[in-house]
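The values are calculated or read from the model by the stated rules, or taken from the named source; none is laboratory data. A quick note: this is a predicted structure, and the numbers were derived from the prediction, not measured. Cβ placement follows ideal geometry from the backbone for every residue including glycine, while neighbour counts extend to all protein chains displayed.
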Amino acid sequence: DVDDVEAARDDIADELGVSTGRLRDLVEPLESIYAIADHCRTLAYMLGDGIVPSNVGTGYLARMVLRRTKRLCDEIGVDAPLDELVDVQAERLGYENRDTVRDIVRTEVEKYRETLERGTRQVERLADEYADRGEPIPLEEAIELYDSHGIQPDTVEEIAAEYGADVAIPDDFYSRVAARHGTGGGAETEERDDGDRVADLPETEKLFYEDPERTDFEAVVLDVIERDDGEYDVVLDQTMFYPEGGGQPADVGTLSTDDVTVSVTDVQEVDGVVLHRTNGTPGKGEFVRGQIDGTRRKRLMQHHTATHIVGYAARQVLGDHVRQAGAQKGTDSSRLDVRHYERVDREAVRRIERVANDVVTDNVPVEQEWPQRHEAEEEHGFDLYQGGIPPGEQVRLIHVDDDVQACGGTHVTRSGDVGVIRILSTERVQDGVERLTFAAGDAAIEATQRTEDALYEAADVLDVSPQEVPRTAERFFEEWKERGKRIEGLKEQLASVRAQGGDGTETVELGDAEAVVQRVDADMDELRATANALVEEGTVAVLGSGHDGATFVVAVPDGVDINAGAVVGELAGRVGGGGGGPPDFAQGGGPDVEALDDALAVAPEVLRRLEEEA
């Protein structure tokens with residue numbers, strides 16, 4: 001092991017009788033070649049095992065390695081595309097998803113190229129700014145440049161030197177960058193202080209695993225815990241109420257005795273004990289009848305099973321690298337976040353939806369089993385844990401067709417019970433993570449009806465059939481754009497005519513120059529266009545408008561020593577406002593439209609005075 005690489009190089013150079021610089025010129029290209037080969041092997045492992053480059057966790061490490069490899073290739077002039085180099089390693093390692101690996105590398109290289117173009121301009125701006133201040137570029141700026149734009153620290157040093165600025169890059173630079181991103185990406189878990197309250201209570205028997213379609217049950221109240229907010233946490237010996245978890249909301253319903261009925265508004269689990277949040281309290285030791293909201297439970301079950309099916313379909317369509325990054329189930333819609341290296345387009349959405357609904361129409365059984373954890377992992381691998389790793393020696397597995405996942409949620413008994421699945425939208429929630437929002441069962445039908453209602457409303461407005469709406473909307477949009485161009489052209493013509501003078505126009509001689517003072521009751525765009533037309537003729541423009549308050553535009557051609565900002569400042573002050581700008585073009589105004597003409601009347605005097613003072 002070598003503690004100081006530079007010192008070791010000095011020693012080797014002395015032994016060989018060459019300068020350290022000469023040794024570096026000989027050795028560094030070889031070091032880069034070995035590094036490229038090693039990095040390509042690392043990328044083959046990471047991408048082949050399903051890691052997708054992103055801005056969080058292992059995805060960010062993959063992106064860092066890929067960009068560093070690309071930079072090394074560029075530095076020593078490697079002509080072969082990076083995806084081909086990684087593919088050589090992927091082939092040797094026996095990966096079957098080599099086409100996907102190459103697609104990911106190509107996509108990332110293109111992103112890196114675009115990022116570099118934007119980032120280099122940012123480095124130049126920062127270097128110029130800190131050079132003017134006589135200060136070094138802060139380390140945080142260098143980290144941000146690498147993090148957001150992929151600009152390597154030595155590139156920052158080179159550009160900074162060109163502008164006369166310094167930047168200190170520490171040896172642990174890349175470790176500091178990686179530390180920014182950690183391995184997160186999941187939701188933070190709130191620490192609970194409920195553990196002490198339930199420490200002496202037995203675990204609650206969960207009846208919803210035995211019969212998820214059942215909505216009523218009987219139980220004994222083991223304890224009632226009063227909360228600080230005036231509500232209660234009721235503990236039962238057994239329950240049909242599903243506690244919030246795994247992205248699935250809690251069940252709601254009621255608990256009843258012969259004397260009282262209380263509403264269950266939330267359900268949580270702490271150390272195996274299920275807490276039923278209620279607005280009243282049954283007595284401790286009493287028998288209660290529980291009733292859950294069956295319609296809500298059914299819709300949640302449909303959406304939870306649909307989440308598994310959509311995830312399976314996404315892997316079939318997009319590739320085996322697709323992994324779940326998060327999920328949230330609901331009664332009207334649900335969302336599934338998946339790791340993928342590019343946007344999911346409309347054609348991919350249709351294919352995912354088709355595969356998902358094929359599973360539904362096959363009406364396969366949705367089965368559960370409780371194997372030992374090590375047995376489940378040996379048989380199915382760690383792909384089981386799409387929704388996270390559950391605790392315990394045993395894990396509950398849910399089988400839907402060829403899909404197997406560890407899951408603690410409630411599910412329908414057959415895939416056909418999901419009804420139908422509609423993917424409503426897709427969005428990129430962060431680089432490398434795509435969100436699929438979908439609806440299942442009755443919610444999917446309702447979503448389809450809402451879309452159809454909107455289509456028919458649009459058809460009525462356009463007075464065409466629903467099938468003709470897209471073509472008609474496109475035609476109207478093109479006509480609107482064309483009319484916009486015609487309007488802009490007419491405005492320019494109008495500005496040119498106004499610039500030639502007319503009623504209310506005053507010409508002011510200013511030495512070798514001439515100024516036009518004119519009221520033009522038009523919007524700001526027309527004022528600017530008129531001013532530009534005058535300046536092109538070598539004329540100073542002082543224009544006022546009462547179109548939206550009292551506004552002024554002053555433009556000064558090259559070679560005329562009058563400050564446009566000073567003129568606007570004086571005129572705008574007379575209408576109760578202010579304004580300013582650079583010496584050649586300024587604008588401003590105020591609320592007093594009635595004072596506009598008086599302000600324009602003194603404009604010639606203001607121009608002459610400013611000319612004399614210049």
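Of the residues in region 137-162, how many are over 23 Å from residue 111 (Cβ atoms) and at pLDDT 85 or above? Of the residues in that region, 4 qualify.
Within region 101-117, not a single residue is of a type in the set (A, V, I, L, M), in contact with a Ser or Thr (Cβ under 8 Å, 6 or more places away or on another chain) and assigned by TED's automatic domain parsing to the domain that holds residue 50.
Please determine, by comparing only the residues of region 583-608 that are in a helix (DSSP H, G or I) and of a type outside the set (A, V, I, L, M, F, W, C), which one is nearest to residue 510 (Cα to Cα). Only one residue fits best here, namely 608.
Has region 385-393 got any residue that is surrounded by 20 or more Cβ atoms within 10 Å (Cβ to Cβ), under 19 Å from residue 245 (Cβ atoms) and not small (Gly, Ala, Ser)? Write out each step before concluding.
Of all residues in region 385-393, those surrounded by 20 or more Cβ atoms within 10 Å (Cβ to Cβ) come to 386-387.
From what is left, the residues that are under 19 Å from residue 245 (Cβ atoms) are 386-387.
Then keep just the ones that are not small (Gly, Ala, Ser); that gives 386.
Yes - at least one qualifying residue is present in region 385-393.
Taken as a whole, region 371-381 holds no residue that is outside the structural domain of residue 206 (by TED's automatic domain parsing), in contact with a His (Cβ under 9 Å, 6 or more places away or on another chain) and farther than 30 Å from residue 222 by Cβ. Quick check on region 362-379. Is at least one of its residues at pLDDT below 95 and closer than 18 Å to residue 317 by Cβ? Scanning region 362-379, I find no residue that is at pLDDT below 95 and closer than 18 Å to residue 317 by Cβ, so the answer is no.
For (1) outside any loop (DSSP other than H, G, I, E, B); (2) closer than 22 Å to residue 339 by Cα, each residue gets a yes or a no:
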{"position": "353", "(1), (2)": "yes, yes"}
{"position": "368", "(1), (2)": "yes, no"}
{"position": "386", "(1), (2)": "no, yes"}
{"position": "412", "(1), (2)": "no, no"}
{"position": "416", "(1), (2)": "yes, no"}
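Pick from region 261-290 the residues that are surrounded by fewer than 16 Cβ atoms within 10 Å (Cβ to Cβ) and among the small types (Gly, Ala, Ser): which of them is modelled with the highest pLDDT? This residue is 263.
Could you run through region 108-145 and say how many residues are within 30 Å of residue 88 (Cβ to Cβ) and surrounded by 15 or more Cβ atoms within 10 Å (Cβ to Cβ)?
Looking only at region 108-145, we keep the residues that are within 30 Å of residue 88 (Cβ to Cβ), and these are 108-117, 119.
From the residues that got through so far, the ones that are surrounded by 15 or more Cβ atoms within 10 Å (Cβ to Cβ) too are 108-109, 111-112, 115-116, 119.
Within region 108-145, residues that are within 30 Å of residue 88 (Cβ to Cβ) and surrounded by 15 or more Cβ atoms within 10 Å (Cβ to Cβ) number 7.
Of all residues in region 319-329, those being touching a His at 6+ places or on another chain (Cβ under 8 Å) and either in a strand (DSSP E or B) or crowded, with 22+ Cβ neighbours inside 10 Å (or both) number 2.
Just one residue in the set 146, 95 is in contact (Cβ under 8 Å) with a residue 40 or more places away in the chain, among the hydroxyl-bearing types (Ser, Thr, Tyr) and within 28 Å of residue 340 (Cα to Cα); that residue is 95. Has region 13-20 got at least one residue that is small (Gly, Ala, Ser), under 20 Å from residue 82 (Cα atoms) and without any contact (Cβ under 8 Å) to a residue 24 or more places away in the chain? Checked against the condition, which is being small (Gly, Ala, Ser), under 20 Å from residue 82 (Cα atoms) and without any contact (Cβ under 8 Å) to a residue 24 or more places away in the chain, region 13-20 yields no hits at all.
Listed here are the residues, each with its yes/no results for (1) among the polar types (S, T, N, Q); (2) closer than 28 Å to residue 407 by Cα; (3) not assigned by TED's automatic domain parsing to the domain that holds residue 392.
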site: 237; (1), (2), (3): no, yes, yes
site: 254; (1), (2), (3): yes, yes, yes
site: 281; (1), (2), (3): yes, no, yes
site: 287; (1), (2), (3): no, no, yes
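Would you point out the residue of region 571-588, among those that are of a type outside the set (Gly, Ala, Ser) and surrounded by fewer than 20 Cβ atoms within 10 Å (Cβ to Cβ), that is nearest to residue 528 (Cα to Cα)? Here the answer is 585.
Each row is one residue, and each column tells you yes or no for (1) buried (at least 18 other Cβ atoms within 10 Å of the Cβ); (2) over 30 Å from residue 102 (Cβ atoms).
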residue: 301; (1), (2): yes, yes
residue: 317; (1), (2): yes, no
residue: 331; (1), (2): yes, yes
residue: 339; (1), (2): yes, no
residue: 356; (1), (2): yes, no
residue: 361; (1), (2): no, yes
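When 531, 522, 513 are checked against the criterion of being under 49 Å from the mean Cα position of the chain (by Cα), touching a residue at least 40 places away in the same chain (Cβ under 8 Å), surrounded by 14 or more Cβ atoms within 10 Å (Cβ to Cβ) and assigned by TED's automatic domain parsing to the domain that holds residue 607, a single residue qualifies: 531.
Test residue 376 against the criterion of being in contact with an Asp or Glu (Cβ under 9 Å, 6 or more places away or on another chain) and surrounded by 13 or more Cβ atoms within 10 Å (Cβ to Cβ), and give yes or no. I'd like the intermediate steps shown before the answer.
Values: in contact with an Asp or Glu (Cβ under 9 Å, 6 or more places away or on another chain): yes; surrounded by 13 or more Cβ atoms within 10 Å (Cβ to Cβ): yes.
So residue 376 passes the test.
Quick check on residue 91: is it modelled with pLDDT of 90 or more and either within 14 Å of residue 432 (Cβ to Cβ) or assigned to a helix (DSSP H, G or I) (or both)? So residue 91 fits the description; yes.
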